[in-house]
1. Beyond 31 Å, what share of the Cα-Cα pairs of chain A is found? Please give it as a whole percent.
2. Please give the charge dipole size of segment B:4-127, origin at the Cα centre, charges +1 on K and R Cβ atoms and -1 on D and E Cβ atoms. Round to the nearest 20 debye.
3. If you place +1 on the Cβ of every Lys and Arg and -1 on the Cβ of every Asp and Glu, how big does the dipole about the Cα centre of chain A come out, in debye to the nearest 20?
4. Tell me the relative contact order for segment A:262-368 as a rounded percent, counting alpha carbon contacts under 8 Å between residues six or more apart.
5. Between B:ILE12 and A:ARG455, what's the calculated FRET efficiency when r is the beta-carbon distance and R0 is 35 Å? Round to 0.05.
6. Debye calculation, C-alpha points only, no solvent: report log10 I(q)/I(0) for segment A:1-125 at q = 0.11 Å⁻¹, in the same order as the q values.
7. Taking N as the number of residues in segment A:285-335, what is its Cα Rg relative to 2.2 N^0.38 Å?
8. Identify, among A:ALA475, A:THR420, A:TYR97, the residue whose Cα sits farthest towards the positive end of the charge dipole of chain A, taking +1 on the Cβ of Lys and Arg and -1 on the Cβ of Asp and Glu, with the dipole about the Cα centre.
Amino acid sequence: MNAHLLLSLPIIWPLLGVALCCMLWSRPRAQRITSLVVSAGLLLSSLALLAATWDGTVLATQFGGWAAPFGISFVGDMLSAAMVVITGLMAVAVGIYGLAGDAEAREAAFYHPLYQGLLLGVTGAFLTGDIFNLYVWFEVMLISSFGLLALGGTREQLDAGVKYVTLNLVATTLFLICVAFLYGLTGSLNMADLARILPTIDNQGLVTTIAVLFLVAFGSKAAVFPLFFWLPASYHTASAPIVAIFAALLTKVGVYAILRSFTLIFDLSLGFTAPVIGIVAALTMVTGVLGAAAHFDVRKILSFHIISQIGYMLLGIAVATPLAIGGAILYVIHHIIVKANLFLLAGVINRAGGSFELKEVGGLYKTLPWLGVLFLVPALSLAGLPPLSGFWSKFVVVKASLDAGHALLAATALAVGVLTLYSMLKIWNEAFWKAAPAASTAATERWLADTGTRRAMLTPIIILAAITMTIGVVAEPFIAFSLRAGEQLLDKSAYVEAVLGPGPQRSAEWQP
Amino acid sequence: MNSLILLTSSRIVLPVAMLFSVYVLLRGHNEPGGGFVGGLIAAAGIAVHSLPRGRSALLRLLKVSPKTLIGAGLALALLSGLPGLLLAEPYLKHQWAFPGGLPLSTTLIFDIGVYLSVVGAVLTFLAYYLEE
């Protein structure tokens, strides 16, 4: 397959999903099949993209055939290919999970088109090589996720949805303003072109200012301290599959945007941004984990842990050595799988235990011992216990910070790991270990009676747990891949050349 | 909304708006206009027509649900990009043919897709607010 096809298909599949699911709006069954088929298509075509970029090749295409830097470039390197693969995996896993439970109610409210729209925005954001186009994909993502969040139409959900959309609109507007500044300064929006022009700009102070503004815009998307407040205000109101896909992908697009822009466009070695990111990372880790410790609703605990874990990824970006960037990438991959799985499990706890509120659930280990084991895999992985995926990703990030002399950041990361373990044990003790309240026992019986729901909900959980175990036990290829992807990010020449071709470009001589 | 003036005048507004919207759609090829504006004009015409008549009249007029129109429009826009891919060129690279000097291209298919999506989106929205 050629580069055009490889880079277009991951976007065409979900777009086809939106189109077909809209046309089949009155036939939920046909929508389910369509949604699953296009998600599988997304997964397969993203695997093909990963295979093509595995050896470090950077693929590029220009949608519409207009040459870069004028047209819109789409670029696939190791990082974006890996991110698209993980998106495809989540699309399938959460897609299967979404067939169970109160699926009919969701489907009547336009669930499938919005779900595919969300995937479209996410894959587009991962593959685009144009900063304005990235903004467009953010908007696609925002609109779809708002629709999904408010799907149930309850008072609580609309309240959360309004907060979510308002705070996110502020962030995307800031993003748009940053893009305008950048365009005014350089006359280009193509990221590869920007990578060439920005070092030649005389006013490097202005470049740093724009870089920090971008950090605020993307940081808000990634839910870092102190811009995370939209996340715990909204996530816990959505239904389980929706919040799982949000937790897996939305904040990680923000992390990806930071990772991409601060390696390709802006320089982390400028001396100002990296320390800022480091402090933000530490505070994000700590506030997230403390927020989680204070809550007793599974979804709220897990929402705060998203924030805390984002801190680890930022830590890798702040340290900015090849090892640290590789560690951040491994962390993103590990985190998406584990976090989505935990939210899927939260849905099961709600169904089999009768509530998301830990006080009202109990005794699940006695009746459903295997569910307990399935919970422990992502939970202990999140806390960073060996031999699970979280151990290796934490290990690489912490080692990189120690190597670079950031002992304090490393110590924070380790302490936060211990507190994470505390939260996970809290869920374990309450939902699985303590004696079951009467309402909880009744819910468990209903759960055991409903084989179809059980299969649909447990299959993706088992698959994701197996992947977590695989990354943990056979860590070497995953770590090696992440490190190579990190090195590729730090050496931007291959990216720039893939988009613009070798040799000097028009834009290099362009003067405002 | 029960208004005799609107009821009567909308009979004329609808065909004029539809005709004008198609004109704007085709004009958009090389001059200001295009599927988006054309779609808005068409949707405005249909809206004027269905405001005094209610939701069921809107659905009767359209024959299909406006949601289907959104999907069909997206599907057309998506399809218009595929010939480029089949010729091993970038996605959405539009292909041209000149039978007897008439410039035809896949761009037009894309624009019709935009037109349908816009009509569908506006009318989906409108349908929630129309009286029965």
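Please treat every number below as a calculation from the coordinates, not as lab data. These numbers were taken from a predicted model, which means no experiment stands behind them. In this analysis, Cβ positions are derived from the backbone assuming ideal geometry, glycine residues included, and neighbour counts consider all displayed protein chains.
1. Values: 53322 of 130816 pairs.
Tail fraction, whole percent: 41.
2. Values: 8 positive and 3 negative charges, 113 e Å.
So the magnitude is around 540 debye.
3. On the way: 26 positive and 24 negative charges, 219 e Å.
Magnitude of the dipole: close to 1060 debye.
4. Values: 113 pairs, mean separation 25.7, N = 107.
The normalised contact order for segment A:262-368 reaches 24 percent.
5. Values: r = 59 Å, r/R0 = 1.69.
About 0.05, to the nearest 0.05.
6. The Debye formula, applied to the Cα set alone, gives -0.39.
7. Working: Rg = 12.3 Å, N = 51, 2.2 N^0.38 = 9.8 Å.
This ratio for segment A:285-335 stands at 1.26.
8. A:TYR97
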